[in-house]
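Below is one structure; the comments refer to it alone.
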Amino acid sequence: MRDRVAVRVWSGVAPGSETWTHEEIVGEGTVRNIVVPTLTPVLPATPTDRAVIVAPGGALHFLAIDHEGTAVAEFLRDAGYAAFVLKYRVVPTPVDDEAFGLALRDAFMNGLEEIGQRYLPLAVADAARAVEMVRAEGYGHVSMIGF
């Protein structure tokens with residue numbers, strides 16, 4: 001994998017989201033409606049056999065890709081670790097920002113259990129596949145950090 005070049009986590013359609021047709025929405029430091037999970041390496045100048053997969057948070061509704069993803073990966077890289085930012089699948093949300101905000105509010109008010117049952121297994125599958133990919137690159141020690 002090349003530094004800062006995103007790689008698809010699945011070679012074809014990600015299992016479990018074969019019928020998804022929504023489009024990814026990139027906001028200010030965030031991303032949501034992810035259909036195609038990716039892994040982006042942030043590599044140190046002198047590689048070791050240690051890597052960390054960084055999974056940004058966002059209550060399964062979006063990913064705080066900048067400050068909980070790229071910034072963390074750069075910190076780890078500067079400390080000598082290979083870091084990989086995982087962009088994993090999350091809940092499909094309305095395109096409109098106001099409707100998205102209402103959907104997020106409703107999820108928090110009504111609880112995330114139902115959403116978690118349906119979408120968390122997809123995110124976990126993306127993370128498990130990411131670990132396989134990083135290990136295949138020759139990293140003997142692979143850790144994961146999530147928010």
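The values are calculated or read from the model by the stated rules, or taken from the named source; none is laboratory data. The structure displayed is predicted, hence computed values, not measured ones. Cβ coordinates were reconstructed from backbone atoms using ideal geometry, including for glycine residues, and neighbour counts include every protein chain displayed. Protein only, heavy atoms only, side chains kept; ligands, DNA and RNA dropped before computing areas. Shrake-Rupley method; radii C 1.70, N 1.55, O 1.52, S 1.80 Å.
Annotation: residue 19 carries an accessible surface of approximately 120 Å², with a 1.4 Å probe and no ligand, DNA or RNA atoms counted. Report summary: the helix-based calculation at 222 nm, which adds -39500 (n - 2.57) for every DSSP H run with n ≥ 4 and divides by the residues of the chain, gives -10500 deg cm²/dmol. Candidates 42, 20, 102 compared by Cα position along the dipole of the stretch 1-114: farthest toward the positive end lies 42, with charges placed on Cβ.
Counting Lys and Arg as +1 and Asp and Glu as -1, what is the net charge of the other residues whose Cβ lies under 11 Å from the Cβ of residue 88? Net charge around residue 88: +2.
Around the amide H of residue 27, modelled in the peptide plane, lie the amide H atoms of 32, all under 5 Å away and 5 or more residues distant in sequence or on another chain. In this structure residue 105 has an accessible area near 120 Å², from a 1.4 Å probe over the protein heavy atoms. In the list [x] 27, 16, 13; [y] 39, 20, 14; [z] 23, 17, 15, the label attached to semi-axes √(5λ) of the Cα gyration tensor in Å as derived from the coordinates here is [x]. Heavy atoms only, probe 1.4 Å: what % of the accessible area of the chain goes to carbon and sulfur, would you let me know? Solvent-exposed carbon and sulfur of the chain make up 55 percent of the total.
Taking Cα atoms only, the orientation of helix 113-136 departs from the longest principal axis of the chain by about 20 degrees.
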